[in-house]
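Novice: Structure provided below as structure tokens; questions to follow.
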Amino acid sequence: MMIPVLVAAALLSQPPGNSNEPKRSAAEIAKLESVHLKNIRQLTSGFSRAGEGYFSPDGKKIIYQAVPEGESEYQIYVQDADPAAKPKMVSTGKGKCTCAYFHPNGKSILFGSSHLDPAIVSGKPADPKAKSPAYSRSERYRWDFDPHMDIFIANPDGSNLTRLTDTPGYDAEGSYSRDGKQIIFTSFRDGDAEIYIMKADGSGAKRITHSKGYDGGPFFSPDGKKIIYRSDRKGNDLLQVFINDPEGKSERQLTNNDAVNWGPWFLPDSRHIVYSTSLHGHANYEIYLMDTETGKQKRITYAEGFDGLPVFSPDGKKMMWTSKGRNPENTSQLFIADFELGDGVKEADATAVRE
């Protein structure tokens with residue numbers, strides 16, 4: 001779900017654009033967000049941008065991607081889930097990195113990296129003509145599927161780096177099943193961006209989606225019975241959220257609107273999800289909560305700018321997400337808050353879905 005080499009890099013660097021949001025005071029925004037989010041605080045700093053963070057199995061650490069000051073590409077970092085914590089780079093510092101994740105036993109990590117790009121290995125600049133087709137809604141909103149991006153595993157400190165995928169084209173956007181036996185990911189190995197599930201050692205990859213267009217950012221539900229992802233089935237660059245089973249036999253579309261909907265994540269109950277949408281303007285992504293069984297939704301964030309890539313701590317008590325517009329520097333960083341489901345989505349927000 002996963003992105004900053006991917007979507008977040010493009011989204012979070014956009015200049016202000018049109019928004020259908022009414023102007024609200026800081027006090028009004030705080031009141032609206034306090035329904036579900038308490039004690040909002042910034043987790044990362046010292047980077048030109050950071051985002052797409054995930055919790056360790058015990059909820060004490062986070063792993064994320066960030067661009068060091070003066071650099072241009074994302075690397076992977078691990079730190080305690082505390083604003084005062086010092087981050088540690090666990091990727092190689094070369095190439096592009098994205099989509100990091102902890103193994104459920106907490107003893108290893110995985111992430112996507114292009115550091116084995118032959119040009120990088122030889123010490124030469126990467127060939128811009130070698131890039132795969134890009135997902136693009138506009139020149140401002142695009143990301144490249146780097147053909148040299150592969151999935152790697154390592155110890156939490158970055159040591160013992162091991163390559164898991166080695167097929168032609170982009171392999172990334174990976175995450176583990178709750179039992180740690182499987183990895184779900186996105187690949188171009190068959191010529192189109194599709195979702196696959198493989199064993200944790202990288203063997204036995206099986207294709208799950210079979211529709212033309214981009215399918216990506218997949219995650220297992222906590223109970224292991226469902227998977228969720230984003231897809232552009234209509235070829236109009238408007239991503240929609242889909243739910244399925246791990247065999248790919250019961251796909252169901254959850255959003256159907258004229259917006260970009262992405263970054264879905266299951267709550268611990270495996271029924272509710274959170275995701276980000278551009279319903280309120282392409283420069284003002286907001287996070288929504290959805291009951292996947294009833295389709296009812298509620299809005300979670302209201303701040304101006306970008307709010308996306310929401311995830312929950314294993315106990316469901318904290319939500320972490322990427323936000324741009326909440327700090328004085330106006331840079332994308334990770335934020336965390338205590339989360340209260342409250343009445344959940346018993347009352348649907350009428351603005352959530354425009355069928």
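Novice: Scan (1) touching a Phe, Trp or Tyr at 6+ places or on another chain (Cβ under 8 Å); (2) surrounded by fewer than 22 Cβ atoms within 10 Å (Cβ to Cβ); (3) closer than 18 Å to ASP171 by Cα; (4) of a type outside the set (A, V, I, L, M, F, W, C) for the single condition PRO68 breaks and write down its number.
Specialist: (3)
Novice: Among the residues of the stretch 276-327, what is the count of those that are in a loop (DSSP other than H, G, I, E, B), over 27 Å from SER177 (Cα atoms) and of a type in the set (Lys, Arg)?
Specialist: So the count comes out to 1.
Novice: Sticking with this structure for a sec: Looking at the stretch 321-340 only, could you name the residues that are closer than 17 Å to VAL274 by Cβ and surrounded by fewer than 16 Cβ atoms within 10 Å (Cβ to Cβ)?
Specialist: ASP338, GLU340
Novice: Would you pick out the residues in the stretch 15-61 that are over 22 Å from ILE300 (Cα atoms) and either surrounded by 15 or more Cβ atoms within 10 Å (Cβ to Cβ) or hydroxyl-bearing (Ser, Thr, Tyr) (or both)?
Specialist: Selection gives SER45, PHE47, SER48, ARG49, SER56, PRO57, LYS61.
Novice: Hey, could you check the stretch 137-157 for residues that are crowded, with 20+ Cβ neighbours inside 10 Å and modelled with pLDDT of 95 or more and say which is farthest from ALA205 (Cα to Cα)?
Specialist: Within the stretch 137-157, the match that is farthest from ALA205 (Cα to Cα) is ALA154.
Novice: Filter the stretch 319-334 for residues that are farther than 14 Å from TYR302 by Cα and either among the β-branched types (Val, Ile, Thr) or touching a residue at least 24 places away in the same chain (Cβ under 8 Å) (or both) and give the result.
Specialist: Passing the criteria: MET319, MET320, ASN327, ASN330, THR331, SER332, GLN333, LEU334.
Novice: So, of the residues in the stretch 190-213 that are acidic (Asp, Glu) and within 19 Å of PHE145 (Cβ to Cβ), which turns out to be surrounded by the most Cβ atoms within 10 Å (Cβ to Cβ)?
Specialist: Checked the stretch 190-213; the qualifying residue surrounded by the most Cβ atoms within 10 Å (Cβ to Cβ) is GLU194.
Novice: Related question: Looking only at the stretch 264-282, count every residue that is under 23 Å from SER332 (Cβ atoms) and surrounded by fewer than 21 Cβ atoms within 10 Å (Cβ to Cβ) and tell me the total.
Specialist: Here the count works out to 3.
Novice: Still on this structure, I have one more. Name every residue in the stretch 142-170 that is in a strand (DSSP E or B) and among the small types (Gly, Ala, Ser), in order of residue number.
Specialist: ALA154
Novice: Out of the residues in the stretch 80-93 that are in a loop (DSSP other than H, G, I, E, B) and in contact with a Lys or Arg (Cβ under 8 Å, 6 or more places away or on another chain), state the one that is nearest to SER108 (Cα to Cα).
Specialist: ALA81
Novice: Just to be sure before I move on: is GLY224 more than 17 Å from the chain's Cα centre (by Cα), surrounded by fewer than 20 Cβ atoms within 10 Å (Cβ to Cβ) and in contact (Cβ under 8 Å) with a residue 12 or more places away in the chain in the structure I sent?
Specialist: The answer is yes for GLY224.
Novice: Same structure, new question: Between residues in the stretch 161-177 that are touching a residue at least 24 places away in the same chain (Cβ under 8 Å) and residues that are in a strand (DSSP E or B) and of a type in the set (Asp, Glu), which pairs lie under 8 Å by C-beta distance while being six or more apart or on different chains?
Specialist: Within 8 Å, the pairs are ARG163/ASP150; LEU164/ASP150; THR165/ASP150; THR165/ASP171; ASP171/ASP150; ALA172/ASP150.
The values are calculated or read from the model by the stated rules, or taken from the named source; none is laboratory data. Computed from a prediction, not measured in an experiment: that's the story for all the values here. Cβ sites come from the backbone with ideal geometry, for glycine too, and all protein chains shown count toward neighbours.
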